[in-house]
Amino acid sequence: MAIGIGLIAVAATNHSLQAQAINVPNYSFESQSGAGYPFGSNPSVDFWQKIAEPASFAFVSGGFPWYATAGVFVGTAPNSPNPYANLVGTQAGYILAFPQVTLFQDYNSSPGHDFNATYEVGKSYNLTIGIFGSSSLSPGSTLELSLYYRDNSDNKVTVGSTTVTYSLAAFPTNTPSLNLIDYTVNVPPVLAGDAWAGKNIGIQLESTIPLQLTSGRNWDIDNVRLTAVPEPTTITLLGLGLGGLLLARSNRRA
């Protein structure tokens with residue numbers, strides 16, 4: 001009977017804890033608005049931060065301003081000649097293909113400290129982002145998606161990452177409508193001894209394009225999703241513990 005109750009509890013716990021969504025501020029890049037700006041693009045983007053201009057940028061920019069290398073744009077017609085069919089809201093974010101162009105956010109960087117999720121022991125983490133590479137990107141251009149934490153010296157330390165590589169096969173344009181393609185970063189269950197256990201979660205998107213492939217063309221991004229998934233062992237222990245409590249309570253009543 002205890003095992004039966006435990007299994008029922010496991011099933012119920014597994015159903016409710018299978019994936020827990022974590023709110024990412026401005027996850028669909030609706031703020032700030034690109035309406036009224038040239039080409040519907042606004043280099044100002046709420047919550048997401050940019051790194052300081054690297055010294056090397058002057059050699060590859062051709063006079064293009066650093067502040068405009070990432071931002072938001074209106075992704076629906078008529079502002080976008082090829083609107084995305086699976087766009088969330090009316091806007092998306094963009095990162096231009098210059099080395100080190102970055103958008104990131106964490107508890108230390110977010111205005112108002114709205115994004116304060118932490119790496120909890122016993123949970124794995126999945127970051128999923130809709131991506132599309134412009135057909136004018138050089139084949140082999142790369143964009144790195146990562147989850148990180150800050151160490152005691154405030155340095156970003158990567159916990160997990162995925163590299164998106166541009167090719168026409170990966171991002172076809174000969175389709176009736178364009179769709180952002182999901183790419184995912186997976187972090188295995190956090191252990192008590194991991195350096196990032198209990199630390200604030202950071203999300204980063206960085207153009208890692210090789211210098212010789214620099215084009216200044218765009219990666220489009222939208223629908224940033226972060227979920228935490230309890231480790232199965234944790235779920236089982238929780239369920240069996242609940243089953244034991246229910247059985248003990250039943251015995252006392254008998």
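The values are calculated or read from the model by the stated rules, or taken from the named source; none is laboratory data. Quick caveat: nothing in here was measured; it's all calculated off a predicted structure. Here the Cβ is made from the backbone with ideal geometry for all residues, glycine too, and neighbour counts use every protein chain on show.
What to note about this one:
- Meets criteria (surrounded by 13 or more Cβ atoms within 10 Å (Cβ to Cβ) and within 21 Å of ALA70 (Cα to Cα)) for VAL187: no
- Residues that are at pLDDT 95 or above and outside any loop (DSSP other than H, G, I, E, B), drawn from the stretch 21-40: ALA21, ILE22
- Qualifying residues in the stretch 151-172 (those that are of a type outside the set (D, E, K, R) and exposed (fewer than 11 other Cβ atoms within 10 Å of the Cβ)) - the one nearest to ASN86 (Cα to Cα): ALA169
- Some residue of the stretch 147-165 being more than 14 Å from the chain's Cα centre (by Cα), within 19 Å of THR227 (Cα to Cα), assigned to a strand (DSSP E or B) and not polar (S, T, N, Q): no
- Of the residues making up the stretch 38-57, those that are over 24 Å from the mean Cα position of the chain (by Cα) and within 23 Å of ILE209 (Cβ to Cβ) are PHE39, ALA55, SER56, PHE57.
- Residue within the stretch 68-80 that is among the hydroxyl-bearing types (Ser, Thr, Tyr), at pLDDT below 95 and more than 27 Å from PRO210 (Cα to Cα) present: yes
- Residue list for the stretch 157-211, restricted to those being touching a helix residue (DSSP H, G or I) at 6+ places or on another chain (Cβ under 9 Å) and at pLDDT below 95: LEU211
- Hey, GLY216 surrounded by fewer than 19 Cβ atoms within 10 Å (Cβ to Cβ), at pLDDT 95 or above, at positive phi and in a loop (DSSP other than H, G, I, E, B) or not: no
- Looking across the stretch 41-91 at every residue that is in contact with a helix residue (DSSP H, G or I) (Cβ under 7 Å, 6 or more places away or on another chain) and either of a type in the set (Phe, Trp, Tyr) or on the phi > 0 side of the Ramachandran plot (or both), the one that is surrounded by the most Cβ atoms within 10 Å (Cβ to Cβ) is identified as PHE73.
- Matching residues in the stretch 52-81 - criterion: being assigned to a loop (DSSP other than H, G, I, E, B), within 19 Å of VAL164 (Cβ to Cβ) and not hydroxyl-bearing (Ser, Thr, Tyr): GLY75
- Subset of the stretch 101-116 (residues that are assigned to a loop (DSSP other than H, G, I, E, B), surrounded by 18 or more Cβ atoms within 10 Å (Cβ to Cβ) and touching a Pro at 6+ places or on another chain (Cβ under 8 Å)): SER110, PHE115
- In a residue-by-residue description of the stretch 235-244, the property of being modelled with pLDDT of 95 or more and β-branched (Val, Ile, Thr) applies to no position.
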